[in-house]
Amino acid sequence: MELNMSFSNDMDDEYEKLFRRLNPPRVVIDNESCKNATVIRVDSANKHGILLDVVQILTDLDLIITKAYISSDGGWFMDVFNVTDQDGNKITDEPILDYIQKLQSLGPESCFTSSMGSVGFKPSVDHTVIELTGSDRPGLLSEVCAVLTHLKCNVVSAEVWTHNTRAAAVMQVTEEETGSAISDPERLAGIKELLRNVLSGSNRSRGANTVVSHEAIHTDRRLHQMMFAARDYERSGGDSVDGCLGEKQRPDVSVVNWYDKDYSVVTIRSKDRPKLLFDTVCTLTDMEYVVFHANIDAEGPEAYQEYYIRHVDGSPVKSDAERQRVIQCLEAAIERRVSEGLKLELCTTDRVGLLSDVTRIFRENSLTVTRAEVTTRGGKALNTFYVREASGCPVDAKTIDAIRQVIGQTILKVKGRPDDSKQASQESPTRFLFGGLFKSRSFVNFGLVRSYS
């Protein structure tokens, strides 16, 4: 009997693969039917995660999804997306249109790993990726940068998120001398051990993760997975109002069951922003929920999202505890990427230790960085920082002027005015990652000896 059941399951799998091969995805790009957006239609045999794959490609192209209609009942996936460029115009750039056509390659063998395991170092030809997860605290990133500089590692790119006392970072580093990836196992083990000690600090209650792996990653997906694994959706009693979002700005998330159809209906109302749809779809996928139908409207300042979901086991949300967990996880997914504070952009020739030096100057002027994106292109460092006063107050214009005098008026530019930065109702306990930077190079070695001796 067991042999027959196994044979039947194998036949079903092979039939499903054959069906998908005979029905490859079809992509239609329409610039005529809608007045103010490019309409993209995607038809394909359905598989778990395909919606996220499509949204991820559109998001990586920096397209704005203003509307979307999603249906994947009956084993067939049919999506319609209204998209524009960052300026609100239709998509006419041929390279982008050609790339969108790559959605047709999302066949039965395509996949994106959604492993929730902690992944740390992934050597490649050009760089080594370091993933860090741990409890947030004052000075954490400065200690990480000090260790990497001490070990002659150059940070060529990084993205750092902090939320609800957790911190996650994905950093691409190279050997200082050769500019290549770090591949020596003993050297990687040493880096991993030192970084684990830094992340652990004196708080051992939440695990610090630095693990070696060779998997390919998508940075934003991994940051969501890392934060989810770190349970940043759990709020302590003192965090009922998040430091970066007041109650009026918190997303409105509800989950109700539609018993006639065995769906759970998730509705989300929040302020619109780039990558919002990706963040919510990513979280639902990683929580192993399947989106059968969805309606997205983000044409105004507020975004409305409605999802009809079931768990991969076919059941709707079964309990109030599960419902609350879905709500908390979606709230966290939306909040993680919120950019609090004044936006600063830095462009200069890249060099080893640049990130440490810049953030040290911020610290010496009583600024804390709430989020950062660090990139390097053609030997140039292109960094974006969101900063505010360490006290939680808006950034003073005189402080920014002083910093720009030190770094360089043409190197560091302000996007918006200091007066525009939002005032926090209270100091957030989650804004520590850049907060306690070392104030002198001589103190770096002292910190290393103290931490690891």
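What follows is calculated from the coordinates using simple rules that are stated; it is not laboratory data. No experiment lies behind these values; they were computed from the predicted model shown. Ideal geometry is used to build each Cβ from the backbone, glycine not excepted, and the neighbour counts take in all protein chains shown.
If you add up the charges near Gly88, with Lys and Arg at +1 and Asp and Glu at -1, over every other residue whose beta carbon is less than 13 angstrom from its beta carbon, what do you get?
So the environment of Gly88 carries a net charge of -3.
Based on the Kirkwood radius over alpha-carbon pairs, what value in µm²/s does the Stokes-Einstein equation return for the translational diffusion coefficient of the stretch 251-323 at 25 °C and 0.890 mPa s?
194 µm²/s
Over 32 Å between Cα atoms, which of Lys152/Lys275; Lys192/Lys380; Lys152/Lys271; Lys102/Lys192 qualify?
With Cα atoms farther than 32 Å apart: Lys152/Lys275; Lys152/Lys271; Lys102/Lys192.
Beta carbons within 10 angstrom, averaged per residue: use that to sort the peptides 259-268, 340-349, highest first.
Result, highest mean first: 340-349, 259-268.
Please work out, to two decimal places, the log10 of the ratio I(q)/I(0) at q = 0.08, 0.21 Å⁻¹ from a Debye calculation in which every Cα of the stretch 264-414 carries one identical scatterer.
Summing over Cα pairs of the stretch 264-414 leads to -0.36, -1.18.
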